[in-house]
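Let me begin by presenting the structure, written as structure tokens, before commenting on it.
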Amino acid sequence: MIVDKVSSEDIVYYIEQADRDINIKAIFLEVDSYGSSAMAGEEINQAIKKANKPVVVLVRSAATSAAYWAVSGTDIVFASGLSDIGGRCFRPWSVGA
């Protein structure tokens, strides 16, 4: 079994590095996750909100639960109509309501 995982600390680090790099015009994240730690989701969400550059997300199969929370502060989200988006606590139609 192959598991492709990365820590929230690594993601936050790379968002911050990209935000500081004058040669990078926007930050692009690819997400395919059914979520995990709420704390990790919050850490990534805060790093995205602090970024001064546009943050764009491509959702593959899923961005639910903490993964949805993590990317809910981005500027643009691209996803298929078949992608699983949201979660029990975070629903796309209720964000900001």
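The values are calculated or read from the model by the stated rules, or taken from the named source; none is laboratory data. Fair warning: this is a prediction, and the values are worked out from it, not measured in the lab. Here Cβ is always computed from backbone atoms with ideal geometry, including for glycine, and neighbour counts include all displayed protein chains.
In the stretch 75-88, which residues are buried (at least 19 other Cβ atoms within 10 Å of the Cβ) and farther than 12 Å from Tyr34 by Cβ? Once the filter is applied, which keeps residues that are buried (at least 19 other Cβ atoms within 10 Å of the Cβ) and farther than 12 Å from Tyr34 by Cβ, the stretch 75-88 yields only Val77.
Restricting attention to the stretch 73-97, the residues being at pLDDT below 90 and either within 18 Å of Ile27 (Cβ to Cβ) or in a helix (DSSP H, G or I) (or both) number 4. Within the stretch 30-46, residues that are farther than 19 Å from Ser61 by Cβ have Cβ atoms under 8 Å from residues that are of a type in the set (D, E, K, R) in these pairs: Glu43/Glu9, counting only partners at least 6 apart in sequence or on another chain. Being in contact with a helix residue (DSSP H, G or I) (Cβ under 6 Å, 6 or more places away or on another chain) and at pLDDT 90 or above is a description that applies to Ser8. Taking first residues from the stretch 7-19 that are more than 12 Å from Lys50 (Cα to Cα) and partners that are assigned to a helix (DSSP H, G or I) and among the β-branched types (Val, Ile, Thr), the Cβ contacts under 9 Å between residues at least 6 apart in sequence or on separate chains come to Ser8/Ile44; Ile11/Ile44. For the stretch 25-69, the set of residues classified as part of a helix (DSSP H, G or I) and buried (at least 21 other Cβ atoms within 10 Å of the Cβ) consists of Gly41, Ile44, Ala47, Ile48, Ala66, Ala67, Tyr68, Trp69, listed by residue number.
Under the condition of being β-branched (Val, Ile, Thr) and outside any helix (DSSP H, G or I), which residue from the stretch 1-24 is nearest to the chain's Cα centre (by Cα)?
Going through the stretch 1-24, the residues β-branched (Val, Ile, Thr) turn out to be 2-3, 6, 11-12, 15, 22, 24.
From the residues that got through so far, the ones that are outside any helix (DSSP H, G or I) too are 2-3, 6, 22, 24.
Working: Ile2: 22, Val3: 19, Val6: 12, Ile22: 22, Ile24: 18 Å.
Looking at residues that are β-branched (Val, Ile, Thr) and outside any helix (DSSP H, G or I), I get Val6.
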